Amino acid sequence: MLWEKTYIEFKNFLEDGNKIVIQGQYLPHRYRPDEWELEIQRIYLLEEVKKTLTKKLIVTIPLQSIDEDLISFMLENQKQYAGDAEMIWNVVDADLDAELRFSSLPGRRLTMNDALIEYLEARGIPLRVLS
């Protein structure tokens, strides 16, 4: 159930065909403590979630998988989708049993995007997203 204040605040999102993500928390009902209710804090359009909620992108990659194609793609992708998400690379060398962690500089951050997801998935490189 949406209370009047909540409905007024979020009614523009509640249109037929909109794909939304609801952020909130379950709390005991104010007047009936034995019942729980969802308190809606924010509503996002699904298409905006990647941009709005993504704070860090973490890639763990074997050293052998880093090649010219990957570097070229990442440079172009960062230019095209510049943003605020930090990119963290965990580079693993199984032969030396070593791992190095690299982080993007503040001026080299990006926005989560479908091209990045598709590229990494096609190469079998896992991507973790933190919000």
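Which residues, counting only those in segment 67-88, are more than 18 Å from Asp114 (Cβ to Cβ) and surrounded by 14 or more Cβ atoms within 10 Å (Cβ to Cβ)?
Glu86, Ile88
Suppose the filter is touching a Leu at 6+ places or on another chain (Cβ under 9 Å), of a type outside the set (S, T, N, Q) and not in a strand (DSSP E or B); does Leu27 pass it?
Taking the combined requirement at face value, the residue does not satisfy it.
Considering only helices (runs of 4 or more DSSP H) fully contained in segment 44-131, which possess at least 1 residues that are of a type in the set (D, E, K, R) and farther than 26 Å from Ile20 by Cα?
Because the criterion is at least 1 residues that are of a type in the set (D, E, K, R) and farther than 26 Å from Ile20 by Cα, the helices (runs of 4 or more DSSP H) in segment 44-131 that meet it are 68-80.
Taking segment 34-72 as the search range and keeping residues that are hydrophobic (A, V, I, L, M, F, W, C) and under 17 Å from Thr111 (Cβ atoms), which one is nearest to the chain's Cα centre (by Cα)?
Applying the filter and picking the extreme gives Leu53.
For Asp93, which of the numbered conditions (1) touching a helix residue (DSSP H, G or I) at 6+ places or on another chain (Cβ under 7 Å); (2) within 28 Å of Ile125 (Cα to Cα); (3) surrounded by 13 or more Cβ atoms within 10 Å (Cβ to Cβ) fails to hold?
The one condition Asp93 does not meet is (3).
Looking at (1) over 24 Å from Glu47 (Cβ atoms); (2) of a type in the set (D, E, K, R); (3) surrounded by 14 or more Cβ atoms within 10 Å (Cβ to Cβ), find the lone condition where Arg109 falls short.
In the conditions (1) over 24 Å from Glu47 (Cβ atoms); (2) of a type in the set (D, E, K, R); (3) surrounded by 14 or more Cβ atoms within 10 Å (Cβ to Cβ), Arg109 misses (1) alone.
So which of Tyr26, Tyr31, Tyr119 is under 19 Å from the mean Cα position of the chain (by Cα) and not basic (Lys, Arg)?
Tyr119
Under 6 Å between Cβ atoms, at least 6 apart or on separate chains: pull out the pairs that start in segment 18-39 with a residue that is over 12 Å from Trp3 (Cβ atoms) and end on any residue that is in a loop (DSSP other than H, G, I, E, B).
Glu35/His29
Would you call Tyr26 assigned by TED's automatic domain parsing to the domain that holds Ile125 and aromatic (Phe, Trp, Tyr)?
no
Does Ile8 satisfy the criteria of being farther than 22 Å from Leu116 by Cα, modelled with pLDDT under 90 and assigned to a strand (DSSP E or B)? So that I can check it myself, show each step before the final result.
Numbers: farther than 22 Å from Leu116 by Cα: yes; modelled with pLDDT under 90: yes; assigned to a strand (DSSP E or B): no.
It is false that Ile8 is farther than 22 Å from Leu116 by Cα, modelled with pLDDT under 90 and assigned to a strand (DSSP E or B).
The values are calculated or read from the model by the stated rules, or taken from the named source; none is laboratory data. Just so it is clear, the model here is predicted, and its values are computed rather than measured. In this analysis, Cβ positions are derived from the backbone assuming ideal geometry, glycine residues included, and neighbour counts consider all displayed protein chains.
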